[in-house]
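S.K.: Below you'll find the structure I mean.
The values are calculated or read from the model by the stated rules, or taken from the named source; none is laboratory data. Source: prediction; values computed, not measured. Note: ideal-geometry Cβ built from the backbone for every residue, glycine included; neighbour counts use all protein chains shown. Just the protein is used for accessible areas: all its heavy atoms, side chains included, with ligands, DNA and RNA removed. Shrake-Rupley method; radii C 1.70, N 1.55, O 1.52, S 1.80 Å.
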Amino acid sequence: MSGRKKILVTGGAGFIGSHVVRIFVQDKAYHITNLDKLTYAGNLENLKDIENESNYEFVRGDICDTQLVNKLFESNNFDGVVHLAAESHVDRSITNPLEFVQTNVIGTLTLLEAAKKNWQGEKKKLFYHISTDEVYGSLGEEGLFTEDTSYDPKSPYSASKASSDHFVRAYGNTYKLPFVVSNCSNNYGPNHFPEKLIPLLINNIKNKKNLPIYGEGVNVRDWLYVEDHAEAIKLIFEKGKIGDTYNIGGFNEWRNIDLVELLCDIMDRKLGNEKGSSRKLIAFVKDRAGHDLRYAIDATKLSDELGWKPSVTFEEGLEKTVDWYMDNEEWLKDVTSGEYMNYYNEHYASS
Ligand code: NAD
Ligand code: DAU
């Protein structure tokens, strides 16, 4: 194990975190400690294939637990942190904002304090904070978010992420903590919890349930395959400039309704349904409160400076995603049982 870079990944049992953990563990130059509380969104099944690797360790715990976080820093002498743990679902932040402040703001501060205390100004360390394009607010019909776009968060989720981004930069400025931040657009792919649009639709089409589309379905999101995000994170961790911000996105904007129709057609083909049958499940429901109209990322800096580009087209990525959900019935059943169904029934009953 000697000579390996020791990295603390937080939230590694979640959707994006599981892909990030996997690509770092596959590179034997690293030793990964994955700290995850295993909330409803965390699932160790996502990491089954790498759980016995000698350069991987899982620790169940809360990023807000100062004692635990300090103990991990003291006993591991981490070279870096890749911080993904968060409450991530906008709808849940509307009903329970305090939980988002606790995990996303206090949790991030707890990690920053531990890094400050244990790294003592060492310049070779790196605190990498994973954030979202939602901190920039909502776009009109035109324009893209760049790294210079002013922050204008509009949901409790994005306000909590914006706050954590500000704290990371404040620690860089005030205490000289070496950091990097990236802000990514909407991810999709395997291990995505089926409360988010794409996996929710796949699951509902499979079960012939309604496809709830908020408002008129004209909101625009910019979609990126999760493995491409994970690759970008590893690249930024290794080559990003300290103190910089990188936007990550695939220049892939879709109106929700167009995306839903495309997905319906792919699912009809996979399920052997008559063409057009899944589209009949589309149901327009009450809009999300404060629903941001459009997100779109300008990822030019990342491609120009670090040479990153996405590896799959949206059509390829969606095919891979649908195939994964078709092949992983048990995973879907497990995560949609119990607590999740309570959330689903309550949330969509009020729509
Ligand atoms: P997710 O909800 O799927 O996973 C979050 C993980 O964090 C889970 O494993 C959960 O158990 C863990 N966690 C939550 N609270 C914790 C706590 N207090 N202590 C320790 N672990 C805790 O989220 P995701 O979609 O994978 O997002 C990961 C990160 O990427 C988040 O910071 C999110 O803001 C950011 N992000 C997500 C997207 C997206 O499209 N999903 C896009 C851009 C940025
Ligand atoms: O932009 C990055 C963000 O993308 C991440 O920071 C968040 O963690 C992630 O959850 C995601 O946020 P969104 O709110 O954009 O994703 P969601 O899948 O919840 O919704 C996508 C769009 O689909 C949005 O316009 C709302 C709409 N929607 C969503 C759901 C769950 C519906 O129309 N119906 C639904 O049932």
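S.K.: Do you know which residues across segment 263-305 are under 23 Å from the mean Cα position of the chain (by Cα) and over 21 Å from D133 (Cα atoms)?
M.R.: L263
S.K.: Also, I was wondering about something else. For residues that are surrounded by fewer than 21 Cβ atoms within 10 Å (Cβ to Cβ), assigned to a loop (DSSP other than H, G, I, E, B) and touching a residue at least 60 places away in the same chain (Cβ under 8 Å), tally how many sit in segment 157-190.
M.R.: 2
S.K.: I want to confirm something. Restricting to segment 139-156 and keeping residues that are in contact with a strand residue (DSSP E or B) (Cβ under 8 Å, 6 or more places away or on another chain) and surrounded by 19 or more Cβ atoms within 10 Å (Cβ to Cβ), which single residue is nearest to K5 (Cα to Cα)?
M.R.: Across segment 139-156, the extreme among qualifying residues is F145.
S.K.: Which condition number in (1) in contact with a helix residue (DSSP H, G or I) (Cβ under 8 Å, 6 or more places away or on another chain); (2) outside the structural domain of H129 (by TED's automatic domain parsing); (3) surrounded by fewer than 22 Cβ atoms within 10 Å (Cβ to Cβ); (4) touching a residue at least 24 places away in the same chain (Cβ under 8 Å) is the one that E274 fails?
M.R.: It is condition (4) that E274 fails.
S.K.: Is it the case that some residue within segment 224-238 is over 19 Å from M267 (Cβ atoms), near ligand 2 (Cβ under 8 Å from one of its atoms) and open to solvent by 10 Å² or more (accessible area, probe 1.4 Å)?
M.R.: no
S.K.: Also, I was wondering about something else. Which one of V81, V69 is away from ligand 2 (no atom under 16 Å from the Cβ), in a strand (DSSP E or B) and either surrounded by fewer than 19 Cβ atoms within 10 Å (Cβ to Cβ) or assigned by TED's automatic domain parsing to the domain that holds L38 (or both)?
M.R.: Testing whether each residue is away from ligand 2 (no atom under 16 Å from the Cβ), in a strand (DSSP E or B) and either surrounded by fewer than 19 Cβ atoms within 10 Å (Cβ to Cβ) or assigned by TED's automatic domain parsing to the domain that holds L38 (or both) leaves just V81.
S.K.: Could you list, in sequence order, the residues of segment 277-299 that are touching a residue at least 40 places away in the same chain (Cβ under 8 Å) and open to solvent by 30 Å² or more (accessible area, probe 1.4 Å)?
M.R.: L281, I282, F284, V285, K286, D287, R288, A289, G290, H291, L293, D298
S.K.: Select from segment 20-52 the residues that are open to solvent by less than 10 Å² (accessible area, probe 1.4 Å) and within 12 Å of ligand 1 (Cβ to nearest atom) and write down the one among them that is nearest to T110 (Cα to Cα).
M.R.: The qualifying residue nearest to T110 (Cα to Cα) is L35.
S.K.: Also: Among (1) farther than 23 Å from S150 by Cα; (2) touching a helix residue (DSSP H, G or I) at 6+ places or on another chain (Cβ under 9 Å); (3) of a type in the set (A, V, I, L, M, F, W, C), which single condition is I257 missing?
M.R.: Going through (1) farther than 23 Å from S150 by Cα; (2) touching a helix residue (DSSP H, G or I) at 6+ places or on another chain (Cβ under 9 Å); (3) of a type in the set (A, V, I, L, M, F, W, C) one by one, I257 breaks only (2).
S.K.: Any residue in segment 136-155 that is farther than 18 Å from H291 by Cβ sitting within a Cβ distance under 8 Å of a residue that is open to solvent by 70 Å² or more (accessible area, probe 1.4 Å)? List the pairs, counting only those 6 or more apart or interchain.
M.R.: Every condition considered, the pairs that remain are Y151/H166.
S.K.: Name every residue in segment 93-104 that is within 15 Å of the chain's Cα centre (by Cα) and either acidic (D, E) or open to solvent by 10 Å² or more (accessible area, probe 1.4 Å) (or both), in order of residue number.
M.R.: T103
S.K.: Checking the structure you have, find out if any residue of segment 321-343 is closer than 29 Å to G215 by Cβ, surrounded by 13 or more Cβ atoms within 10 Å (Cβ to Cβ) and either of a type in the set (K, R) or touching a Gly at 6+ places or on another chain (Cβ under 7 Å) (or both).
M.R.: Yes, the conditions are met somewhere in segment 321-343.
S.K.: Condition (residue is assigned by TED's automatic domain parsing to the domain that holds V20 and either within 16 Å of ligand 2 (Cβ to nearest atom) or closer than 29 Å to Y340 by Cβ (or both)) applied to segment 111-118: is it met by at least one residue?
M.R.: Yes, segment 111-118 contains at least one residue that is assigned by TED's automatic domain parsing to the domain that holds V20 and either within 16 Å of ligand 2 (Cβ to nearest atom) or closer than 29 Å to Y340 by Cβ (or both).
S.K.: I'm trying to understand the selection: among the residues of segment 191-222, which are aliphatic (A, V, I, L, M) and open to solvent by less than 10 Å² (accessible area, probe 1.4 Å)?
M.R.: The answer is I198, L200, L201, I202, I205, L211, I213.
S.K.: Test E122 against the criterion of being closer than 24 Å to K234 by Cβ and in a helix (DSSP H, G or I), and give yes or no.
M.R.: So E122 fails the test.
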